[in-house]
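These notes concern the structure reproduced below.
The values are calculated or read from the model by the stated rules, or taken from the named source; none is laboratory data. Bear in mind that the values here come from a model prediction, so they are computed numbers and not experimental data. FYI the Cβ positions are ideal-geometry reconstructions off the backbone, even for glycines, and counts take in every protein chain you see.
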Amino acid sequence: MCRALGVNRTSFHDWERRAPSDRALSDAWLIEKIKEIHAASDGTYGARRIHAELRLEHGIRVGRKRVERLMKTAGIAGVAPRKRRRTTVRLPGVRVAPDLVERDFRPTAPNLTWSADITYISTWEGFLYLAHVQDLFSRLIVGWSLADHLRAELVVDALEMALHRRRPERGLIHHSDMGCQYTAVLFGKRCERAGIEISVGSVGDCFDKELVSYCTSWG
């Protein structure tokens, strides 16, 4: 084989005996974790849910593309839902979570109701996105995150800061719009772990937007 490939035999055997790289060892370890999560889901979880599980349940920070690559290498795949005939049509305005606030934006104590939103900042190099979490009692910003993307990690990182700084009791209400970041699996699982009840306002509700935009206090 060495002759056919034009490779020196000694060099080939040196390569064959070489210890695996740190990256290869890390990949092998991650594949085992992915297999465990996939098996625990009865073989139903795909890359998106396995990625969320690795980050939230195991504290492993890894990119979703890397999870997809390792799943492909290991021959692991989630179960895609079978196409079914539509018998129910979702009506416009139906929310994935209830509106627990119902425009009552005056809680009686701190850490009972938080609101959240994302805004953008124009810079010479492009747009940055700022996610923030506001305590509706004090109107103070209790958590924030800045990034050059709009993935769910943006709002999760803002929530993580707020949880670290305030350490609220379970049962706190987190209110936001229906942005895909706030309805993502990653965000929902983090709220579930912290005992946070998710509240979602109406699409394009000017009163919700006015409330969040009103805040100028950072604490």
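Observations
- When Tyr45 is tested against (1) at pLDDT below 90; (2) assigned to a helix (DSSP H, G or I), exactly one condition is not met: (2).
- Only a single criterion out of (1) outside any strand (DSSP E or B); (2) modelled with pLDDT of 80 or more is not satisfied by Ile198, namely (1).
- Elements of type strands (runs of 3 or more DSSP E) in the stretch 88-191, at least 1 residues being of a type in the set (Phe, Trp, Tyr) and either surrounded by 16 or more Cβ atoms within 10 Å (Cβ to Cβ) or within 21 Å of the chain's Cα centre (by Cα) (or both): 113-123, 126-135, 140-147
- For Thr108, the conditions (1) under 28 Å from Arg64 (Cβ atoms); (2) among the polar types (S, T, N, Q); (3) free of Cβ contacts under 8 Å to residues at least 60 places away in the same chain all hold with the exception of (1).
- Among residues that are modelled with pLDDT of 65 or more and of a type in the set (Asp, Glu), Asp157 is included.
Condition check ((1) modelled with pLDDT of 85 or more; (2) closer than 26 Å to Arg190 by Cα; (3) not assigned by TED's automatic domain parsing to the domain that holds Asp177) across all residues:
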| position | (1), (2), (3) |
| --- | --- |
| Lys65 | yes, yes, yes |
| Ala80 | no, yes, yes |
| Arg84 | no, no, yes |
| Val89 | no, no, yes |
| Gly93 | no, yes, yes |
| Val96 | no, yes, yes |
| Arg103 | no, yes, yes |
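Listed here are the residues, each with its yes/no results for (1) among the polar types (S, T, N, Q); (2) without any contact (Cβ under 8 Å) to a residue 12 or more places away in the chain; (3) in contact with a Ser or Thr (Cβ under 8 Å, 6 or more places away or on another chain); (4) over 17 Å from Gly201 (Cβ atoms).
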| site | (1), (2), (3), (4) |
| --- | --- |
| Phe127 | no, no, no, yes |
| Leu130 | no, no, yes, yes |
| Arg151 | no, no, no, yes |
| Ala162 | no, no, no, yes |
| Gly171 | no, no, no, yes |
| Thr183 | yes, no, no, no |
